[in-house]
Ligand code: ADP
Ligand code: MG
């Protein structure tokens, strides 16, 4: 491969511009991003080596080396991880792989990024964070197990294009050299580097090392100073991080800040998590879990190719960050780590899908998350509301899909209603507790927005009787009410269906009498309208449900309601 100059994808350049011009509030994180990439790359080669020792090329001592060079003004990050082929460099570094990113960038442009740098943190700038501190970046890499002349050299100044060419590289893995910006040479300082590594990358599983030179006064065999001996310089490779996997430590020994930093490390989120769940499961399934509920929804929550948030480890060895069955889809917003003691290290993707252990772990995780949410709802209602506003629509999918946990899930639901103010919620429990006298059923109405529903003529009679009606405005609510037909022995009924009966026995008799009379009076008219509208509606009938409006459309008890029809139409059904 001869040296070629290539242009970045438009989106990559946009991202680079954002990184370079808007995201300097916390430049230190560039090192965390690069160390975390190196650590991921070592995870990968370690995993591959379980089935193919040859990829280690006789070098099983995994490490990440930081090499500051004051004369050259460069900081190099070198790893003996899996490395990349030329094709992989192009794919991973020159383009943006996740389709959601494009939508995210478009979204960003509409907001003022300079004022809200945290927005970009939701996305995680990864490798491109290098350009926050460097005006020239050189990446040299070679895929583990390939020949030494299969190396690749990539270089860019971050302004539109990069070059890529073949090169020789003796050791496997990746070496990234940052030519630091003139005013940022502080990142070459030993103590600066130490403190950044300690703060952001302490729990990285592999040693992050650096050559450290100390001047010493030579000492005699008994430690006594030798007169006139002068000083000597001694250089040693020192490990800067403790490498303690945070989830294996006792809760009482972990500070709030450590939990938060670890969250940021695995989630790429700039914000603190809303909730941290750290526990050890014992019994049929033994594992440790450190899980987080983010404070805000990520931009790709509804994209099918989004990354999964819970990583699987086996006895502290990273296995995968893409285990579908670890947490169900409706908890896909969870981030964290699960470390199992039961699974074999060489577990494959296929085995993971079938494994009963994984199913047990999932069951346990779901139980824990749901009970934590339940507790939050009881004890920290404001936090829970904020969680619900972000992730409610996802959680609700569970009512439809997770039959076994429906009882727990229904307690976690919140709705706006004719009684709540906009933005405030009522739970089903509260609803049933405050039901009006004589009210037998739980009423709801579905639609696209609260404002639209408030105008509905269907609500007139409910208002008159003082019955609360839930507003169901999420598209997923249609599935919720299909899954949830009853709560605490009370049926859930759509307020716009034909079969709601709101009258007491006495009222019913009175109404029947009235209706008979009206039928006599209006019989001919009804027949006429029915005839006119025959191919559009099922029937026209007299109603008691309206108090102010002249007429309204109702769905039949077993027919589809108007909102469901709208949704299906939107989906081209
Ligand atoms: P992310 O880590 O979230 O995937 P990054 O921008 O940090 O995003 O990295 C993009 C991709 O580049 C990585 O997924 C990985 O495939 C590749 N990559 C980055 N750094 C390294 C490295 N040190 N060794 C091997 N591959 C790397
Ligand atoms: Mg990364």
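I'd like the residue in the stretch 304-313 that is over 9 Å from the mean Cα position of the chain (by Cα) and within 15 Å of ligand 1 (Cβ to nearest atom) and, out of all such residues, is farthest from residue 397 (Cα to Cα). Ranking the qualifying residues of the stretch 304-313, first place goes to 311. If the condition is being under 23 Å from residue 16 (Cβ atoms), within 16 Å of ligand 2 (Cβ to nearest atom) and out of contact with any strand residue (DSSP E or B) (no Cβ under 6 Å at 6 or more places or on another chain), then the stretch 46-92 contributes 88, 91, 92. Looking at residue 32, is it surrounded by fewer than 20 Cβ atoms within 10 Å (Cβ to Cβ) and either within 16 Å of ligand 2 (Cβ to nearest atom) or outside any helix (DSSP H, G or I) (or both)? No; evaluated as a whole, the condition is false for this residue.
Of all the listed residues (484, 533), the sole one being surrounded by 11 or more Cβ atoms within 10 Å (Cβ to Cβ), out of contact with any helix residue (DSSP H, G or I) (no Cβ under 9 Å at 6 or more places or on another chain) and modelled with pLDDT of 75 or more is 533. So, residue 343, is that one surrounded by 20 or more Cβ atoms within 10 Å (Cβ to Cβ) and modelled with pLDDT under 90 or not? Considered against the rule, which asks whether it is surrounded by 20 or more Cβ atoms within 10 Å (Cβ to Cβ) and modelled with pLDDT under 90, residue 343 comes out as yes. Considering (1) over 17 Å from residue 477 (Cα atoms); (2) in contact with a helix residue (DSSP H, G or I) (Cβ under 9 Å, 6 or more places away or on another chain); (3) not in a loop (DSSP other than H, G, I, E, B), the lone condition that residue 382 does not fulfil carries the number (2). Considering (1) at pLDDT 95 or above; (2) within 16 Å of ligand 1 (Cβ to nearest atom), the lone condition that residue 69 does not fulfil carries the number (2). The requirement of being modelled with pLDDT of 95 or more and more than 14 Å from ligand 2 (Cβ to nearest atom) is satisfied by residue 145.
A Cβ distance below 6 Å, combined with a sequence gap of six or more or placement on separate chains, defines the contacts here; from the stretch 182-199, residues that are closer than 17 Å to residue 239 by Cα reach residues that are surrounded by fewer than 15 Cβ atoms within 10 Å (Cβ to Cβ) and modelled with pLDDT of 95 or more in the pairs 188/70; 192/186. None of 460, 478 is outside any strand (DSSP E or B), surrounded by fewer than 18 Cβ atoms within 10 Å (Cβ to Cβ), at pLDDT below 90 and over 23 Å from the mean Cα position of the chain (by Cα) except 460.
Per the conditions (1) touching a residue at least 60 places away in the same chain (Cβ under 8 Å); (2) farther than 21 Å from residue 322 by Cα; (3) in a helix (DSSP H, G or I), the sole criterion not satisfied by residue 271 is (3). Scan the stretch 65-90 for residues that are more than 22 Å from residue 150 (Cβ to Cβ) and outside any loop (DSSP other than H, G, I, E, B) and the total you get is 6.
Considering only the stretch 162-169, I want to know if a residue exists there that is surrounded by 10 or more Cβ atoms within 10 Å (Cβ to Cβ), closer than 29 Å to residue 266 by Cα and in contact with a strand residue (DSSP E or B) (Cβ under 9 Å, 6 or more places away or on another chain). Within the stretch 162-169, one or more residues are surrounded by 10 or more Cβ atoms within 10 Å (Cβ to Cβ), closer than 29 Å to residue 266 by Cα and in contact with a strand residue (DSSP E or B) (Cβ under 9 Å, 6 or more places away or on another chain).
Yes or no, residue by residue, for (1) under 31 Å from the mean Cα position of the chain (by Cα); (2) farther than 21 Å from residue 486 by Cα; (3) free of Cβ contacts under 8 Å to residues at least 60 places away in the same chain; (4) buried (at least 16 other Cβ atoms within 10 Å of the Cβ):
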{"position": "416", "(1), (2), (3), (4)": "yes, no, yes, yes"}
{"position": "422", "(1), (2), (3), (4)": "yes, yes, yes, no"}
{"position": "426", "(1), (2), (3), (4)": "yes, no, yes, yes"}
{"position": "434", "(1), (2), (3), (4)": "no, no, yes, no"}
{"position": "439", "(1), (2), (3), (4)": "no, no, yes, yes"}
{"position": "442", "(1), (2), (3), (4)": "no, no, yes, yes"}
{"position": "446", "(1), (2), (3), (4)": "yes, no, no, yes"}
{"position": "451", "(1), (2), (3), (4)": "yes, yes, yes, no"}
{"position": "454", "(1), (2), (3), (4)": "no, yes, yes, no"}
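Condition (residue is assigned to a helix (DSSP H, G or I), modelled with pLDDT under 80 and under 18 Å from residue 134 (Cβ atoms)) applied to the stretch 21-28: is it met by at least one residue? Looking through the stretch 21-28, at least one residue is assigned to a helix (DSSP H, G or I), modelled with pLDDT under 80 and under 18 Å from residue 134 (Cβ atoms). Looking only at residues of the stretch 171-226 that are more than 29 Å from residue 57 (Cβ to Cβ) and within 29 Å of the chain's Cα centre (by Cα), we find that the one that is nearest to ligand 1 (Cβ to nearest atom) is 200.
The values are calculated or read from the model by the stated rules, or taken from the named source; none is laboratory data. Treat the numbers as computed from the prediction; the structure is a model and nothing was measured. No Cβ is skipped: glycine too gets one built from the backbone with ideal geometry, and neighbour counts run over all protein chains shown.
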